[in-house]
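To start, the structure under review is shown below, and the notes come after it.
The values are calculated or read from the model by the stated rules, or taken from the named source; none is laboratory data. This one's a predicted model, so the numbers in the text were calculated from it and none came from an experiment. Methodologically, a virtual Cβ is constructed for each residue, glycine included, from the backbone with ideal geometry; neighbour enumeration extends over all protein chains shown.
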């Protein structure tokens, strides 16, 4: 496990805070407050109007809330580096660091946190894995598992937690099949990968850090063993495609990079999509006419889900760090400044989206949201996430038209700086 910025997948040494001058300083703003976790949008809307660029003393980040500024940073990958996006926000305890100091825990940065020119070099091979052919192979499996999970839900008496019954298992199983993992390992894999969000983007306790670190190490070892097994026995999956590319040109795609891509994909394609599905129900189910309408006319679902991504994104922010002294929104920023990009605030900008707090499944520019990022780091899994969401929501709307949220249920959100979705979401429906 590296403690320096040497290309490791996770760097656990938190760099000294660099505070830019010439912009407002907010001593209170944090994504860990109860109000923010419950509903960040009122606070972000107010901030965007009054101080769209400011330094958060509690987070140690320069915060950007306007679409134009966020997009500019995404585009300027030379000055604004992505190397920090997989690093813990807060210092890691010595006990957790000791676990990850294992000699064989050595994944390397490959996609979201790899700089140019290596990012584009690696992205080419990963992008090929998300081909139209691969989506066609996965689509019947997504449909089948969606129906099976609905069958299991309908067999239960009383209200059901959507997250544990459907929203969490479905995207996990899909990404595991995409990678090529054995279906028999699904339960164990979900246990190992289910709480990495807290390690990287949250503020877990020391004991929680140790538990997560131990699971990260086990999962990395599983990934390495799996890639080695695929080297000897190729199949029609992402891992085999990457190994074929490595074998054809080892200088262009290293074996350790293949291992690290597999290690990173399970989280990117799991927790975020799970939150996407839960957030979709939170947005759509209270509007009974809308839920009935998309059940009757499924052609409305793709744009409805783009509107969900805009109004209640499963990813509310992303991070950058400056490579050099630069300027954004008129503010001089020294090298080493950590930057917080508020996707949530940008997606609610009234100058871009009319009545931004209103869900409009026919919104013509709903797809202008930046929930999947922008520029060279635009999410490679966006196509798969959209496919999963569309199939899942169509199956739920058509099979359970009376599906509804349990009223006045308390919603608990994981305390972190980036991802948003309820830990539990209780639902019910009319029974014959």
Of the residues in region 22-63, those that are surrounded by fewer than 17 Cβ atoms within 10 Å (Cβ to Cβ) and more than 22 Å from residue 202 (Cβ to Cβ) come to 22, 24, 25, 42, 46, 49, 50, 51
Residues satisfying the stated conditions in region 416-427, i.e. assigned to a loop (DSSP other than H, G, I, E, B) and surrounded by 17 or more Cβ atoms within 10 Å (Cβ to Cβ):
417, 418, 420, 421, 425
Single condition residue 134 does not satisfy, out of (1) in a helix (DSSP H, G or I); (2) more than 23 Å from residue 105 (Cβ to Cβ); (3) without any contact (Cβ under 8 Å) to a residue 24 or more places away in the chain
(3)
From 44, 37, 62, grab the single residue that is under 26 Å from residue 381 (Cα atoms), touching a residue at least 60 places away in the same chain (Cβ under 8 Å) and outside any loop (DSSP other than H, G, I, E, B).
37
Picking from 352, 376, the residue that is touching a residue at least 40 places away in the same chain (Cβ under 8 Å), surrounded by fewer than 17 Cβ atoms within 10 Å (Cβ to Cβ) and assigned to a loop (DSSP other than H, G, I, E, B) would be 352
Options 390, 382: the member that is out of contact with any helix residue (DSSP H, G or I) (no Cβ under 7 Å at 6 or more places or on another chain) and surrounded by fewer than 21 Cβ atoms within 10 Å (Cβ to Cβ):
382
Looking across region 75-89 at residues that are out of contact with any strand residue (DSSP E or B) (no Cβ under 8 Å at 6 or more places or on another chain) and more than 11 Å from residue 323 (Cβ to Cβ), the single one that is surrounded by the fewest Cβ atoms within 10 Å (Cβ to Cβ) is 75
Please indicate, with yes or no, whether at least one residue in region 117-129 is closer than 18 Å to residue 277 by Cα, surrounded by 13 or more Cβ atoms within 10 Å (Cβ to Cβ) and within 20 Å of the chain's Cα centre (by Cα).
no
Here are 281, 309, 300: which of them is surrounded by fewer than 23 Cβ atoms within 10 Å (Cβ to Cβ), assigned to a helix (DSSP H, G or I), modelled with pLDDT of 95 or more and touching a helix residue (DSSP H, G or I) at 6+ places or on another chain (Cβ under 9 Å)?
300
Would you confirm whether any residue within region 191-204 is loosely packed, with under 13 Cβ neighbours inside 10 Å, in contact with a helix residue (DSSP H, G or I) (Cβ under 9 Å, 6 or more places away or on another chain) and within 27 Å of residue 281 (Cα to Cα)?
yes
Could you say whether any residue in region 99-114 is in a helix (DSSP H, G or I) and under 24 Å from the mean Cα position of the chain (by Cα)?
yes
Pick out the one residue from 211, 207 that is surrounded by fewer than 23 Cβ atoms within 10 Å (Cβ to Cβ) and either closer than 30 Å to residue 306 by Cα or over 24 Å from the mean Cα position of the chain (by Cα) (or both).
207
Region 137-165 - residue that is part of a helix (DSSP H, G or I) and in contact with a strand residue (DSSP E or B) (Cβ under 8 Å, 6 or more places away or on another chain) and, of those, farthest from residue 243 (Cα to Cα):
153
Out of all the residues in region 321-329, is one or more at positive phi, more than 24 Å from the chain's Cα centre (by Cα) and not in a strand (DSSP E or B)?
yes
